[in-house]
Amino acid sequence: MTLDRKNAPAIHDAVEFEYKLPPLNTSSLDNGLPLYWVNAGVQDVVQIDWVFPAGLWFEQKDAVAHATAGLLKNGTSKHTSEQISEALEFYGAQLKTSAGNDYATVTLYALTKHLPALLPMVLEILTEASFPEHEVEIYKRNAIQRLLVSLRQCEFVANQRIDALLFGEHHPYGRFTKQATIEAITREDLLAYFKGHYSLANVRMFMAGKVNDTDVQHLNDIFGKAAIIPTPVVPTVFEHVQKSERVQRISNDPNGVQGAIRIGRLFPNRHHPDYTPMVVLNTLFGGYFGSRLMSNIREDKGFTYGIYSSLGPEVNGGSLVVHTETGRDVTEAAVTEIYKEMELLCNEPADEEELLLVKNYLLGGILGDLDGPFSILQRWRTLILNGFTEEQFNNNINIYKNITAEELQALAKKYFVKDEFYEIVVI
């Protein structure tokens, strides 16, 4: 076939393409542990996630969930932190641990051929983490030092405060770490949290990369033979307590030249029918570089280098927050402009050209995600952890393609209500 270099190929909008989530394989190990895996990619690399119900939602003592995740790989009953680090480095592998609002995740990145050598170590960490006293003390000192440095930054304080305003300071999604809570952590706290929330009986495993049945067997050989002790996850219920003033101004640094603005409200999570349409509206409003907020407050007014709005969907609730940093002298003007953009979306439907740009942006991002094994796994993981099937992905695509400007305007009128937003400026 001869290439025609005189005529450019046809350009297609992302809305014209068909979208199909690559297939997910589901396996059950010999002891019943669930494994979800995606065979994709061309490089011999693998990502494995072990996901536990061990996020902030489950902690009975502040700061323990983060500390437990942070110290998981810092020593077991058989190996020291240094020995674990050396073994990972020897195989060119990386082991990451983190705790979010709802889940704690342990993630292994490695060459596929090294799985037989690495998996026993991961199992040891997940079943025999020992939280040595000296490691706990080092963690606490470092965490306090990081906190003290961060508290001097207006954006850090603003992030803490907006969550506390939205959910309440005693709610898991609204609590923020304080020096006293870090100092109060003990090794016994971490051991108790580890034993109660990192049980293999409650783990869900996700694997992606250039993998096949042989790699599933490697996991089964190690994790499928592990003893499973039933450990019920006790349901926890927290009330949203919002007793603070909706509009707050905080002086964090009398000599500060920059102000951090956060304007937010509670918003339903992924299970609500308004969530996916709001993804489109939020993108138009402040969810990407070409958004209304960015065009006005950065490009036109020059108040900031960047301004965004984002949805924060959690298992037990969610939020919609606008966040930016501006010069001290223009913070109030920027706040005014943010509300003006909300009003415009309520009063005037977006034109078709702008809406098509937003749709292409959203769908183009999905096209990119469907090209790599790790991002494909992330898509599936989000669905599974939220109790969804592939049908939800297909429904989302349909909404992104077909939602109208009139539907977005109605959604704006429903949720862009000024009196329902909390507003905070920290200087």
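The values are calculated or read from the model by the stated rules, or taken from the named source; none is laboratory data. The structure displayed is predicted, hence computed values, not measured ones. Counting neighbours? That spans all protein chains shown, and the Cβs are built from the backbone with ideal geometry, glycine included.
Key figures
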item: Residue 203 in the same structural domain as residue 113 (by TED's automatic domain parsing), modelled with pLDDT of 95 or more, surrounded by 16 or more Cβ atoms within 10 Å (Cβ to Cβ) and of a type in the set (A, V, I, L, M, F, W, C); result: yes
item: Yes/no for residue 276 being modelled with pLDDT of 95 or more, crowded, with 19+ Cβ neighbours inside 10 Å, hydroxyl-bearing (Ser, Thr, Tyr) and closer than 24 Å to residue 349 by Cβ; result: no
item: Segment 313-329, residues that are assigned to a strand (DSSP E or B) and not small (Gly, Ala, Ser); result: 314, 320, 321, 322, 323, 324, 325, 326
item: Residues (of a type in the set (A, V, I, L, M) and either in contact with a Phe, Trp or Tyr (Cβ under 9 Å, 6 or more places away or on another chain) or surrounded by fewer than 18 Cβ atoms within 10 Å (Cβ to Cβ) (or both)) located in segment 70-98; result: 71, 72, 87, 93, 95
item: Conditions (1) surrounded by fewer than 20 Cβ atoms within 10 Å (Cβ to Cβ); (2) touching a residue at least 24 places away in the same chain (Cβ under 8 Å); (3) farther than 20 Å from residue 275 by Cα; (4) of a type in the set (Gly, Ala, Ser); number of the one not met by residue 334; result: (1)
item: Among (1) over 30 Å from residue 393 (Cβ atoms); (2) loosely packed, with under 12 Cβ neighbours inside 10 Å; (3) at pLDDT 90 or above, the one test that residue 214 misses; result: (1)
item: Check on residue 301, over 29 Å from residue 12 (Cα atoms) and in contact (Cβ under 8 Å) with a residue 12 or more places away in the chain; result: yes
item: Subset of segment 187-214 [of a type outside the set (A, V, I, L, M, F, W, C) and more than 23 Å from residue 233 (Cβ to Cβ)]; result: 187, 209, 210, 212, 213, 214
item: Check on residue 404, loosely packed, with under 14 Cβ neighbours inside 10 Å, outside the structural domain of residue 42 (by TED's automatic domain parsing), of a type in the set (Ser, Thr, Tyr) and within 24 Å of the chain's Cα centre (by Cα); result: no
item: Every pair of residues 6+ apart whose Cβ atoms lie under 7 Å, when the first sits in segment 340-352 and is assigned by TED's automatic domain parsing to the domain that holds residue 294 while the second is surrounded by 17 or more Cβ atoms within 10 Å (Cβ to Cβ) and in a loop (DSSP other than H, G, I, E, B); result: 342/416; 345/416; 346/416
item: Residues of segment 72-102 that turn out to be over 24 Å from residue 114 (Cα atoms) and touching a helix residue (DSSP H, G or I) at 6+ places or on another chain (Cβ under 7 Å), as a count; result: 3
item: Candidates 194, 131, filtered to the one that is crowded, with 16+ Cβ neighbours inside 10 Å and at positive phi; result: 131
item: Test: residue in segment 294-307 that is of a type outside the set (Val, Ile, Thr), under 21 Å from residue 419 (Cβ atoms) and either at pLDDT 95 or above or assigned to a strand (DSSP E or B) (or both); result: no
item: Some residue of segment 227-241 being at pLDDT 95 or above, under 27 Å from the mean Cα position of the chain (by Cα) and surrounded by 13 or more Cβ atoms within 10 Å (Cβ to Cβ); result: no
item: Wholly enclosed helices (runs of 4 or more DSSP H) of segment 130-195 bearing at least 2 residues free of Cβ contacts under 8 Å to residues at least 24 places away in the same chain, out of contact with any strand residue (DSSP E or B) (no Cβ under 8 Å at 6 or more places or on another chain) and more than 30 Å from residue 419 (Cβ to Cβ); result: 133-150
item: Helices (runs of 4 or more DSSP H) enclosed by segment 330-423 - at least 2 residues per element that are on the phi < 0 side of the Ramachandran plot and of a type in the set (Ser, Thr, Tyr); result: 331-347, 373-385
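One line per residue, one yes/no per condition, for (1) over 30 Å from residue 238 (Cβ atoms); (2) modelled with pLDDT of 95 or more; (3) surrounded by 11 or more Cβ atoms within 10 Å (Cβ to Cβ):
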site: 8; (1), (2), (3): yes, no, no
site: 15; (1), (2), (3): yes, no, yes
site: 19; (1), (2), (3): yes, no, yes
site: 29; (1), (2), (3): yes, yes, yes
site: 38; (1), (2), (3): yes, yes, yes
site: 41; (1), (2), (3): yes, no, yes
site: 47; (1), (2), (3): yes, yes, yes
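Quick grid of which residues meet (1) of a type in the set (D, E, K, R); (2) crowded, with 16+ Cβ neighbours inside 10 Å; (3) over 22 Å from residue 314 (Cβ atoms); (4) not assigned by TED's automatic domain parsing to the domain that holds residue 283:
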position	(1), (2), (3), (4)
364	no, no, yes, no
371	yes, no, yes, no
377	no, yes, no, no
395	no, no, no, no
